Amino acid sequence: MRTIDDFTRPLEYLSPLDDPLGMVVREWAETCVIPYRRRFDEDWKEHELIEPAFKRLMGELGMQRVLFPEDLGGWGLGRSNYAGTSSYRLFEEVARADSGMAVAFGVIYWPMVMICMEPHVNRELCEEFAPIFCSTTEPRFAANAMTEPQGGADIENMEIVKGSTIQTTAVLDGDEWVINGHKLWPTNSGGVCNLFGVVCTTNPGSEDPNDFAFIFVPADTPGVTQGPPYEKAGMAADKNGDIWFENVRVPKSYRAHGPGLDLLYFKEVITFGNMGSIAFVGGSMMNVYERLKDFVSEETYRGKPLKEHDAVAGVLADIARDIEIIRIVGYQYARMIDRPDLYGPRWSDEMVAKGRAYKYWACDRAVEDVGKAMNLMSTYGADRDWDVEKHWRDLKIVQLWMGGKQLCQAEVARWFFECETL
Amino acid sequence: MSDHDLFPYLYEWASDMDVSLAGNLRRWAENEVMAKRLELKEDYEQLLEPAMRKLFLEIGMQRLLWPEEHGGDGHNTPAASLTITAALEQVARGDVGIALLLSSLWALQSAVAMEGAVNGEACAALAEAVAGRDEPALVSLVLPLFRDEPQAAAKHGKGGWTVEAASTRPLACGGNASLYAVLCALQGSEEEWGVLLIPGDAKGIERGDALKRTGLAADINTPVSFGKVKVPEGMCVAEGREACRAMLSWLYLGISASTVGALFASYEILKEWGDSRVIKGRGHIFKENPLTAAVMAEVAKETSLARMLTWDLARILSEPAVYGPPGQEGNHVTAAMVVHQVSQAAENAINRAMEMMASAGYAREWNLERYWRDVKALQLCLGPYELAKMDVSRYFYRASTL
């Protein structure tokens with residue numbers, strides 16, 4: 001019988017961790033998430049059902065430690081040459097069960113990319129923050145605080161606005177940064193965050209890359225306030241909310257790298273965000289395949305399984321085709337991340353643009369395909385019992401985050417067509 | 001000029017009453033639903049049920065198409081297709097789920113109460129539920145889920161019909177319907193299909209647990225089983241494929257008009273976003289950016305064309321002397337094509353509108369995601385498009401085995 005494992009993966013460049021880790025996470029998904037996920041929507045605020053699954057994955061199985069160096073209690077993935085392909089598989093397996101959990105899990109790594117990845121490991125900050133994640137079996141969350149009320153995704157539109165719209169300020173006062181500002185929407189906010197990576201400016205209105213600052217702020221620092229989680233169309237496991245920074249003081253050393261380099265390596269964060277998004281799409285789509293296959297095999301039309309109707313089969317083929325291609329493209333991009341010696345630095349405009357292209361293509365295909373899958377299921381397609389509508393809601397969110405589709409289009413056109421004013 | 005007047009339709013077809021009714025229902029939507037939903041969200045008991053009672057009972061929408069001699073308002077002519085289009089656009093702008101419930105009721109009324117073909121026995125039996133009781137008349141349609149395969153069977157015998165079906169999936173309100181209208185495969189009849197009316201409290205009805213679904217919160221749906229339910233002779237209200245198709249054509253019109261209403265609401269939300277959002281730093285208003293303007297244009301195009309098509313369908317159903325009866329194969333296929341086209345256009349338009357709004361697109365606070373979920377759930381009431389296409393091909397290409 002065909003299963004999700006029959007969708008193609010590039011076997012020659014899978015990491016040594018791929019199958020061992022993948023199987024551990026699949027087991028976790030089958031026992032800790034899938035039996036409960038139909039009740040997650042009502043659990044969006046309290047996380048009474050969701051929290052134990054996070055504890056198992058991140059704390060007890062240790063997935064929150066993977067990027068940190070081994071001698072600090074981590075698994076050293078940040079210094080390996082398979083961080084991309086390994087994390088792609090992890091994200092895919094988690095998203096198959098619940099893409100809200102996948103993004104919450106994936107975003108723990110996001111600020112850590114700035115300090116844990118070769119060739120720009122910041123050893124001092126790794127030592128400072130590793131205990132938060134590596135010395136406990138409780139789940140710990142990190143978040144990138146980027147989006148602001150006035151400009152939304154403008155923060156991520158670096159090529160045009162060059163940080164000039166950032167209104168969260170960081171002022172050096174002796175050996176401390178003093179941070180003031182208001183951020184919206186980060187994954188892992190809404191009250192759960194333990195460590196923020198905060199996008200700031202040291203000179204409001206400036207387009208100088210040296211004034212872009214990425215500063216770590218432990219969530220329990222005086223002056224940090226997290227608002228309650230927002231209610232969304234889906235992804236109950238991912239809490240998002242407002243964060244206010246009022247005269248928040250952190251050591252000078254909490255700036256990731258310093259003038260110029262913060263912005264440079266921040267683009268790598270976008271690269272990983274794109275890769276993760278494709279993996280979330282791929283994982284969700286594989287579960288859509290599983291559930292849809294059950295449905296069209298069980299339901300009959302004119303005495304035969306629905307899947308045996310030629311016109312229905314045509315749609316099923318389109319869906320399978322897209323899952324196959326999404327997976328191949330996603331792994332390919334992960335491999336490009338793992339081999340900067342061949343494909344260039346992960347923070348290059350080229351890597352960012354190509355990641356945007358793959359991400360928005362995968363999202364577009366998935367949103368359309370899951371809509372069609374629901375349609376094949378007649379009115380059952382809207383039922384939570386069949387899980388497909390959950391993935392449909394979640395996938396739409398993946399499509400819209402990180403600045404949405406138009407920012408992707410702008411960056412892709414800018415790089416491939418060398419546009420100068422977009 | 002209201003925003004809705006931006007989207008053209010041949011308003012020469014609409015009567016003064018249609019226009020006036022639309023204005024009243026626009027106020028109902030704004031006052032009873034939209035003004036309260038930021039606080040009450042999709043709460044059934046506090047928001048949706050009171051709004052529904054006001055609409056069905058106080059404003060009297062459940063009596064609109066009902067014959068005067070049975071206590072209704074007597075707008076039971078084919079021209080009511082235009083009236084319900086004008087009405088449902090506004091109702092769905094407020095809440096798509098409530099519009100579906102009204103569409104179901106009006107589809108049934110088209111089958112039993114249309115001038116010249118009033119089913120006196122059925123109307124007398126239903127008069128209390130529609131025009132007498134102080135409860136919304138909720139009609140649960142049990143239709144084929146997969147094109148032409150009824151979910152229920154009815155056997156004709158002495159004194160009437162016996163309906164049998166296990167775990168059917170009604171279109172809506174399986175859990176609280178005052179009346180079920182079940183499209184059955186008929187046994188012991190010359191006709192293949194018929195719609196049988198079954199009171200909600202009839203012996204032999206069993207309801208399952210309430211279904212959790214992606215949208216349409218005003219609709220409390222459950223699986224429903226009919227265990228040898230006895231139905232009097234006269235309660236087979238639409239006997240034969242053409243009669244059943246006529247009811248479906250009216251239902252498709254209702255769903256199409258409701259979808260247009262959701263598009264109006266989505267347009268309004270997107271317009272507010274486009275007017276106020278600043279991108280690329282100070283001074284760049286969102287709607288003035290060519291890339292986003294191109295997508296916003298697509299939303300407006302889909303909304304405009306969906307409305308025109310829907311009114312065209314309403315006009316066809318309003319003039320059977322010109323276009324033939326609503327259950328005629330050509331008209332039924334037209335109705336199916338229109339509703340699928342409008343539904344897909346709406347799915348595309350709202351998807352694109354959400355893209356414009358990034359995170360706000362999926363935040364409950366902005367309401368757009370609610371119309372997105374509702375429109376998709378409404379689309380699924382039509383069954384798989386791939387199977388509906390078989391009817392279209394059968395008609396246009398004279399295919400005989402599809």
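The values are calculated or read from the model by the stated rules, or taken from the named source; none is laboratory data. These numbers come from a predicted model, not from an experiment. Every residue, glycine as well, gets a Cβ built from its backbone with ideal geometry; the counts of neighbours run over all protein chains shown. With ligands, DNA and RNA removed, areas are computed over all heavy atoms of the protein, side chains included. Shrake-Rupley method; radii C 1.70, N 1.55, O 1.52, S 1.80 Å.
Residue by residue, here is whether (1) touching a residue at least 24 places away in the same chain (Cβ under 8 Å); (2) within 24 Å of A:ASP262 (Cα to Cα); (3) outside any helix (DSSP H, G or I) holds:
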residue	(1), (2), (3)
A:ARG327	yes, no, no
A:MET351	yes, yes, no
A:GLY355	yes, yes, no
A:TYR358	yes, no, no
A:GLU368	no, no, no
- With respect to A:GLY205, determine if the residue is at pLDDT below 95 and either in the same structural domain as A:GLU60 (by TED's automatic domain parsing) or buried (at least 22 other Cβ atoms within 10 Å of the Cβ) (or both). no
- Query: Going through the range B:379-402 one residue at a time, which ones are outside any helix (DSSP H, G or I) and in contact with a helix residue (DSSP H, G or I) (Cβ under 7 Å, 6 or more places away or on another chain)?
  - Reply: B:CYS381, B:LEU382, B:GLY383, B:PRO384, B:ALA399, B:LEU402
- Filtering the range B:359-378 down to residues that are in a helix (DSSP H, G or I), open to solvent by less than 20 Å² (accessible area, probe 1.4 Å), within 7 Å of another protein chain (Cβ to nearest Cβ) and within 24 Å of A:ASP242 (Cα to Cα) yields B:GLY361, B:TYR362, B:GLU369
- Task: Output the residue which, of all residues in the range B:56-74 that are touching a residue at least 60 places away in the same chain (Cβ under 8 Å) and surrounded by 17 or more Cβ atoms within 10 Å (Cβ to Cβ), is farthest from the chain's Cα centre (by Cα).
- Result: B:HIS70
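Looking only at residues that are among the hydroxyl-bearing types (Ser, Thr, Tyr) and open to solvent by less than 50 Å² (accessible area, probe 1.4 Å) in the range A:315-351, which one is farthest from A:PHE280 (Cα to Cα)?
Going through the qualifying residues, I end up with A:SER348.
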- Applying the selection to the range A:391-421, what residues are outside the structural domain of A:LYS372 (by TED's automatic domain parsing) and crowded, with 21+ Cβ neighbours inside 10 Å? none
- Query: Does at least one position in the range A:12-21 carry a residue that is outside any loop (DSSP other than H, G, I, E, B), closer than 30 Å to A:PRO229 by Cβ and not assigned by TED's automatic domain parsing to the domain that holds A:GLY234?
  - Reply: yes
- Item | Options A:TRP386, A:TRP361: the member that is open to solvent by 10 Å² or more (accessible area, probe 1.4 Å), at pLDDT 95 or above, of a type in the set (Phe, Trp, Tyr) and under 18 Å from A:GLU299 (Cβ atoms) | A:TRP386
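Table: residues versus (1) open to solvent by less than 20 Å² (accessible area, probe 1.4 Å); (2) assigned to a loop (DSSP other than H, G, I, E, B); (3) out of contact with any strand residue (DSSP E or B) (no Cβ under 8 Å at 6 or more places or on another chain); (4) among the polar types (S, T, N, Q).
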residue: B:CYS123; (1), (2), (3), (4): yes, no, yes, no
residue: B:LEU126; (1), (2), (3), (4): yes, no, no, no
residue: B:GLU135; (1), (2), (3), (4): no, yes, yes, no
residue: B:SER140; (1), (2), (3), (4): yes, no, no, yes
residue: B:PRO150; (1), (2), (3), (4): no, yes, no, no
residue: B:TRP161; (1), (2), (3), (4): yes, no, no, no
residue: B:VAL182; (1), (2), (3), (4): yes, no, no, no
residue: B:ILE198; (1), (2), (3), (4): yes, no, no, no
residue: B:LEU211; (1), (2), (3), (4): no, yes, no, no
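So which residues in the range A:126-160 are at pLDDT below 95 and touching a Lys or Arg at 6+ places or on another chain (Cβ under 8 Å), if there are any at all?
A:MET146, A:THR147, A:GLU148, A:GLY152, A:ASP154, A:ASN157, A:MET158, A:GLU159, A:ILE160 - these are the residues of the range A:126-160 that are at pLDDT below 95 and touching a Lys or Arg at 6+ places or on another chain (Cβ under 8 Å).
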- Query: So which residues in the range B:285-305 are open to solvent by 70 Å² or more (accessible area, probe 1.4 Å) and either touching a Pro at 6+ places or on another chain (Cβ under 7 Å) or charged (D, E, K, R) (or both)?
  - Reply: B:LYS287, B:GLU288, B:LYS301
